[in-house]
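Read the figures in this text as sums done on the coordinates, not as results from a lab. Given the structure is predicted, the values throughout are model-derived calculations rather than measurements. When we count neighbours, we look across all protein chains shown, and the Cβ atoms used for this are built from the backbone with ideal geometry, even at glycine.
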Amino acid sequence: MGLRSVCRLMEEAQRSGDAALAECQLKLRESGVCEVVVKALQHHASDAVGVRHGVAAITLLALDNHTNRSALAAAGACQAVASVLRRCTADEATLQSAAASVTWLAQCSENCAGMVAGACEGLVKVLEMKIGNKELVLAALEAVQEVSSRSSECGTRLVAAGACAAVLRVLYASGDDTDRKAAALTAMTHLAETAASREFLSTPGACAAVLAALKAHPTHEPIQRDGVDLISKLADGSSARSARLLAAGVCEVLVEGLGRTWLRTPLIAEGALLATTNLFSTPPKGFDKYDALCRAVLRAMGAHRQDVDVQLSGLNTVEVLALIDAARAQLRARRCNALNKLKDSVVAHRGNAEVLAYFSHARFNLEYDPPATPVELFQHCCEGLWWCLSWHMVNFINGMLRSAVRAMRYE
């Protein structure tokens, strides 16, 4: 059976429904077609028609079929498809099919080594050379997402091959195309798992591009969700990256979103609160917009009062902000009235120990006044020492009383 016949047979089965396709995939695998298709693709590497049918056959064999993916991996399908992508000489329909093959093959752990062997470089080359073909770019971006999420080795190889720059270029060139913007942001979020990729994706130009996408499409949920998740990842654990994001205007985006845009989308609000926590875990220098930010955080918590995940994220955000003098002053102010609003979270989730614990931490930071002078610091130390000694003394007396009671009972 030739490659064209295999493709035709599987396309007919696909049109008949999922059950027919699964049965066809099973029969073809049992008859050894997986190995035959891969060998034929390798043999006809210079034949455009043979490559087209070979890649299409691999895609259909791997579609929603884990067992076939393993069989194809053993036959060398990943390397064969990667070779097609790296050459980037096939027609665009074939390259799109090859990118789809990578997406399906990457879902099998046995294929990770094959992906690293060349598919990463091939996907980057397609994104660089075929940026004008929307469907091909979307297929390549989906493959980048899938490959980078499967193993740290694949993600590292993609970054080394230039995936961050290629995906960022797609975001720059997307214009008003929300599909490409959403796919690019999703791919960037998956790529932002290493320190090197986060540094690249947090350059001033990259930060500006991400924030511009969020501002341009405030009601597009995939763009908002992935943009917020990317901000959270970039800010996590780095005051330098947080400073670049703040300089690019991320605070204004968060204030607008938490205070208005994301009031009906708890998942995005939760992600934005986490992003705010990461941004301000290290107090930024020269930042003075805490009034609007604090009110936006509390408003988002109020809008999603019954969502426990939003409440936990909000309580954690308030706990972090309250460590900053200027933010703590705003949270205490009458227009924020943060403590009373945080109590509403405890009331709404009465009996939830985690909410109560988060509230206690946030309340402590809100009510705490750091000593202003050495004398006050000494007084705080004395009070702490006295409390500690008193606690031990009470325990000692209680122990003595219990011992005396037991002795009296035995007598």
**Förster-model FRET efficiency, 22 Å R0, Asn337 and Thr282, C-beta, rounded to 0.05** = 0.25
**Prompt:** So how do 4-10, 33-39, 300-306 stack up, highest first, on mean other-Cβ count within 10 Å?
**Reply:** 33-39, 300-306, 4-10
**Prompt:** For labels at Lys27 and Tyr368 in the simple 7 Å Cα→Cβ model, what's the distance in nm?
**Reply:** 7.1 nm
**Prompt:** Just from its helices, what would the mean residue ellipticity at 222 nm be for the chain, if runs of 4 or more DSSP H residues each count -39500 (n - 2.57) and the sum is divided by every residue, rounded to the nearest 500 deg cm²/dmol?
**Reply:** -24000 deg cm²/dmol
**Fill in**
So Ala348 and Ser239, fully extended at 0.36 nm per residue minus their Cα-Cα distance, gain in nm 35.8 nm
**Request:** Return the distance in nm (one decimal) between the two label points of a simple spin-label model at Thr219 and Asp179, each offset 7 Å from Cα along Cα→Cβ.
**Result:** 2.0 nm
**Asked** Where a ≥ b ≥ c are the square roots of the eigenvalues of the C-alpha gyration tensor, would you call region 285-376 rounded, which needs a/c under 1.5, or, failing that, prolate if a/b is larger than b/c, or oblate?
**Response** oblate
**Item:** Extension gain from Glu256 to His66, taking 0.36 nm per residue of separation minus the Cα-Cα distance
**Value:** 64.0 nm
**Request:** Can you check what the net charge comes to around Lys125, using other residues whose Cβ is under 11 Å from the Cβ of Lys125 (Lys, Arg +1; Asp, Glu -1)?
**Result:** +1
**Request:** Return a whole-number percent for the relative contact order of the chain, with Cα pairs under 8 Å and 6 or more residues apart as the contact set.
**Result:** 8 percent
**Message:** Distance cut-off 20 Å, Cα to Cα: go down the list Lys181/Lys215; Lys130/Lys215; Lys215/Lys285; Lys39/Lys125 and report the pairs above it.
**Reply:** Lys130/Lys215; Lys215/Lys285; Lys39/Lys125
**Overall form of the chain per C-alpha gyration tensor (a/c, 1.5; a/b vs b/c)** = prolate
**Prompt:** Ranked highest first by average number of other Cβ atoms within 10 Å, how do 311-324, 273-286 line up?
**Reply:** 311-324, 273-286
**Request:** Over region 48-142, consider all pairs of different Cα atoms and compute the Kirkwood hydrodynamic radius from their mean reciprocal separation; express it in Å, one decimal.
**Result:** 12.7 Å
**Prompt:** Among Ala208, Ala20, Ala327, which one moves the most in a GNM of the chain with springs linking Cα atoms closer than 10 Å?
**Reply:** Ala20
**Complete:** In this structure, the FRET efficiency calculated for Lys134 and Gln306 from their beta-carbon separation, with R0 = 60 Å, to the nearest 0.05, is 0.90
**Item:** Shape of region 115-259, Cα gyration tensor, a/c cut at 1.5
**Value:** oblate
**Complete:** Helix 48-62 sits off the longest principal axis of the Cα atoms of the chain, rounded to the nearest 10 on a 0 to 90 degree scale, by 50 degrees
**Request:** Using a 10 Å cut-off on Cβ atoms, rank the peptides 221-231, 256-266, 42-52 from the highest mean neighbour count down.
**Result:** 221-231, 256-266, 42-52
**Request:** Take region 1-166, compute every pairwise Cα distance, and split them into 5 Å bins from 0; I just need the percent in each bin.
**Result:** 1, 10, 20, 23, 20, 15, 7, 3, 0
